[in-house]
Amino acid sequence: MSNLLIVESPSKAKTLKKYLGKGFEVLASYGHVRDLIPKNGAVDPEDQFAMKYDIIERNKKHVDAIAKAVKASDNIYLATDPDREGEAISWHIAEILQNKKLLKNKTLKRVEFNEVTKKAVQHAIDNPRDIAMNLVNAQQARRALDYLVGFNLSPLLWKKIRRGLSAGRVQSPALRLIVERELEIEAFDSKEYWSIHLNALKQNHGFDAKLIQLNGEKVEQFTVTNTEQQAKIVGKLLLDSAGKTTVARVEKKQRKRRPAAPFTTSTLQQEAVRKLGFTTSRTMRVAQQLYEGMDVGSGTVGLITYMRTDGVSLAQEALMQIRDYVKKSFDADYVPKTANVYKNKSKNAQEAHEAIRPTDVTRTPPKMRQYLNDEQFKLYELIWKRTVASQMMPAIFDAVSVDLSIGSEANLFRASGQTLMFPGFIGVYKEGTDSAVDDDAEAKLPVLETGEVLDVDKIFGEQHFTEPPPRYGEASLVKTLEEYGIGRPSTYASIISTLQDREYVLLDKKRFTPTDVGRVVNKFLTQHFTQYVDYDFTAKLENELDEIAEGGLEWVPVMDKFWQGFNNQVVSKADVERPGNELIDENCPKCGKQLQKQLSRYGTFIGCTGYNDEPKCDYKRNLNGDSAAASTDPVQMGVDEETGKEIYLMVGPYGPYIQLGMPVEGEKKKPKRVSIPKNIEYADVNLDIANQLLSLPRDLGKHPETDKKIVANIGRFGPYVNHDGKFKSIPKTQSVFEINQEEAVTLLAQAYTGPAPIAELGEHPSGEGRVEVFDGRYGPYVQHKKIRATLPKSLKPEDVTLEQALELLAAKEAKGTTKKKAPAKKKTATKKKTPAKKATAKKAPAKKTTAKE
């Protein structure tokens, strides 16, 4: 009997094909196969929220390949990812096959495995099940909610603010977090305070103590608030001390620090941001590679378990292997008597799956180093260390706290310190934090006894100022979203990407700052759709989706309850005023009417309230006072000193740009134009910035390897460096005006040089380069230098040999040399008859849905 296994990823398909052998055909769906039709009416609230699906255009060929393979198969196994999304993909594939009437007399089952290992896959094949409709319904409800919010709120934002904006069920509360934090920072009033310190000495061993009690009263943060007050206190304490301090109390105790739980999706994202400097999206991409399978010499195997999970538990077999590894590699003292057990503290945790762990702990990072690239190795090492550490003994510290008195016990200074007595799990791994302060980095104190008199080296005050709460970084935003129960950890990376892509927020120095547009969108949503950006409401909805997945709730009543309130709100807000215009206490110098701060497509500017009057007043200026404004008309910036031509600020179909001079009738040469980069606000453009832009392109000198020049410039898609036909975008952290030759060479080294080979067959007999196999757009092919030869359908990429590849390449080369270019046909004056055009209807290309999170 023939068997067909369907997975999501082509790389996973290759791994599983090797496990299952000749009795199985393994094909990939390449992710989702169907989605809601990209237009209004895809979800019908009047018909039990019936959904209209269409096959995703880019995956149509993969669906056709699956359908063709099903015809030749007796048993079909749906092995998509083990989560709600994966369950829904399996259901969509089954629905497509059912609609094509391809399942008659065939067995179709769902199989699920949490790790890509031969044992786990075989166990899944031996224990198939039916598609879990509770999970499918939960995913459909989530997709329908996201669609209804996006397709109803986004047009309202277009109408009230500007085109191209979007709102999302989870994206909008995340934006609210960032904006509210920024408002907190702006409203923060910094206050001065002082701490008083004493440096004590015992046999040249100095240590610091902090004043905790003054004249019998506890010292609070704002007990000392200015220079004069601290000078008076320090002076009195110095007099009272007479150069000596007495040990009033010594307290010793043992402190334990326990290891952190193994990784969930959320904690992996947070720790990879903190420790590796990865983004959340990069973390998930690399984790996917490690999960789907790597060639480790002995074969291809998944190195970690499934990376989308809220679970913190480990399989019993894995626990036994880890404990045995720790015992052999360290000592029996490092292994707890019973396995460490953890519980997820976050809201909405779905703990059906294991935590993220290595599939085999004996595959240590040093052993795997040769098979992984840098980012794969770093993430694997992080996961391996965290997992092993989670099953080790706590670290033990001897902690000591000492009070020192001055004059009497009415004035007390306190010092604390600790010594690591047993490293435990710290010998392998230590969890990162968002704070710069290390909890374990306390001073080491000398041995002290109560009543002992010590020398005072000095008493002094330290000035401090209260600081506003920090802006969110990726790690702290993910942590906060999880704490509030907003969204799912598997969607956090896409939420953050969407906020940046929509230009609602900027990531500067690894911290999020809201843009003007982000502020206006948030203000509109919090004023008019308060409930739907409320943190508790969003979390409650997530709980209801979880209950649907568990079978506790039906999905249609949940949808209906949401839709009734939401739809009424959308209808009632159709006539609300356009946000973003804020009156300022200044009159127009042109007509005398009041001015206002306005938001345009390209930023914030000052404009006249008489713009819509007759006659209208078109006065505008930037926030910085220049007379450039957000207008589609050319704005004169000044005169270019070198050419004497006027410099204009203009707006075209691809955004704002600077132009030098105007077109001259009869001249073919067009005026010089330079696009304004996205990181420069339109409203901030002045003559200095215009001159900088017109100085482009910049010649950065010659490349040290080729002796050809490197150029920095701005194109339609942003700033870039160019060398010998190779282009590389300049990241936001660098400036096109400041980048130097050395930095450009580093960037160019990262430029894409073509697809990575899926197999290397060896050196070409000529000794000039290697022969490699690639997976191309139109199928697999072999390549040597510039010659490419497509593999015949009978020859699979994993089976091709060097000899076969050389034959194909030789035939291709021979064909290329004998093929002669056809002579150009001579043009004749004979008029060709124009054939009548057939009135065929072309299918419109699928548009991207604005409902997508």
Original post:
So for the pair ILE787, LYS523, with labels modelled 7 Å out along Cα→Cβ, what separation do we get in nm?
Top reply: 6.7
Original post:
Quick one: if you stick a label point 7 Å off each Cα along the C-beta vector at ASN99 and GLN463, how many nm between them?
Top reply: 7.2
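Counting alpha carbon pairs within less than 8 Å and at least 6 residues apart, what relative contact order, in whole percent, applies to the chain? Walk me through the numbers on the way to the answer.
Numbers: 1478 pairs, mean separation 98.8, N = 853.
Across the chain, relative contact order equals 12 percent.
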Original post:
Considering only protein heavy atoms, what is the solvent-accessible area of TYR325 at a probe of 1.4 Å, reported in Å² to the nearest 10?
Top reply: 50
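Take the Cβ-Cβ distance between LYS343 and LYS232 as r, set R0 to 41 Å, and report the resulting FRET efficiency rounded to the nearest 0.05. Could the numbers behind the result be given before it?
Working: r = 52 Å, r/R0 = 1.27.
About 0.20, to the nearest 0.05.
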**OP:** Would you list the P(r) distribution for segment 1-145, with all Cα-Cα distances sorted into 10 Å bins from 0 and each bin expressed as a whole %?
**Re:** 11, 42, 34, 11, 2
Original post:
Short version: ³J(HN,Hα) in whole Hz for each residue of segment 370-381, in order, from phi by Karplus 6.51 cos²θ - 1.76 cosθ + 1.60 (θ = phi - 60°), x for Gly and Pro, what are they?
Top reply: 5, 9, 10, 7, 4, 6, 5, 5, 4, 6, 4, 4
**OP:** Pop out the ³J(HN,Hα) list for segment 210-216 in order, Karplus 6.51 cos²θ - 1.76 cosθ + 1.60 with θ = phi - 60°, rounded to Hz; leave Gly and Pro as x.
**Re:** 10, 5, 10, 9, 10, 6, x
**OP:** Rounded to the nearest Å, what's the spacing between the alpha carbon centres of segment 56-96 and segment 379-397? Just the number, please.
**Re:** 39
**OP:** Evaluate the Kirkwood expression for the hydrodynamic radius of the chain, namely the inverse of the mean inverse distance over all pairs of different C-alpha atoms, and round to one decimal in Å.
**Re:** 33.0
**OP:** Output the pairs from LYS678/LYS708; LYS540/LYS561; LYS191/LYS458; LYS236/LYS444 with a Cα-Cα distance over 20 Å in this structure; if there are none, say none.
**Re:** LYS678/LYS708; LYS191/LYS458; LYS236/LYS444
Original post:
So what are the three principal axis dimensions of segment 264-379 from its Cα atoms, in whole Å, longest to shortest?
Top reply: 40, 38, 24
Original post:
Just for the Cα atoms in segment 482-592, what are the lengths along the principal axes, largest first, rounded to whole Å?
Top reply: 67, 40, 20
**OP:** Using the heavy atoms of the protein chains and a 1.4 angstrom probe, tell me the accessible area per residue for segment 701-780 in square angstrom.
**Re:** 65
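Can you tell me which of 691-698, 634-641 comes out highest on packing, and rank the rest after it, using the mean Cβ neighbours within 10 Å?
Working: 691-698: 16.8, 634-641: 14.9.
Top to bottom by mean Cβ count within 10 Å: 691-698, 634-641.
Heavy atoms only, 1.4 Å probe, whole protein assembly: order VAL400, VAL447, VAL33 by accessible area, highest first. Before the final figure, lay out the partial values.
Values: VAL400 35, VAL447 105, VAL33 5 Å².
Heavy-atom accessible area, descending, gives VAL447, VAL400, VAL33.
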**OP:** Report the trypsin sites (Lys or Arg not before Pro) located in segment 330-432 that are in a DSSP loop and have at most 11 other Cβ atoms inside 10 Å of their Cβ, or state none.
**Re:** LYS337, LYS343, LYS345
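Which percent of the Cα-Cα distances in segment 448-547 go past 24 Å?
Within segment 448-547, distances greater than 24 Å cover 43 percent of Cα pairs.
Calculate for the chain the 222 nm mean residue ellipticity that helices alone would give, adding -39,500 (n - 2.57) per DSSP H run of length 4 or more and normalising by residue count, nearest 500 deg cm²/dmol. Could you put the intermediate results ahead of the total?
Details: 20 runs with 265 residues, N = 853.
Helices in the chain give a 222 nm mean residue ellipticity of -10000 deg cm²/dmol.
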Subject >> Burial order of peptide ranges 665-672, 51-58, 717-724 (average beta-carbon count within 10 Å, highest first) >> reply: 717-724, 51-58, 665-672
**OP:** Grab the Cα-Cα distance for ASP699 and ILE185, subtract it from 0.36 nm times how many residues apart they are, and report the gain in nm with one decimal.
**Re:** 180.9 nm
Original post:
Just by accessible area at a 1.4 angstrom probe, what is the order of SER735, SER9 from largest to smallest?
Top reply: SER735, SER9
**OP:** Quickly work out the THR801-to-ALA315 label distance, labels modelled 7 Å from Cα along the C-beta direction, and quote it in nm with one decimal.
**Re:** 3.7
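Going through segment 705-787, which GluC sites (Glu not before Pro) have at most 13 other Cβ atoms within 10 Å and a DSSP loop state?
GLU705, GLU738, GLU768
The values are calculated or read from the model by the stated rules, or taken from the named source; none is laboratory data. Just so we're clear, the structure is a prediction, and the values are computed from it rather than from any experiment. Quick reminder, even Gly has a Cβ in these numbers, built from the backbone with ideal geometry, and neighbours come from all protein chains shown. Accessible surface is based on the protein model in full, side chains and every heavy atom, while ligands, DNA and RNA are left aside. Shrake-Rupley method; radii C 1.70, N 1.55, O 1.52, S 1.80 Å.
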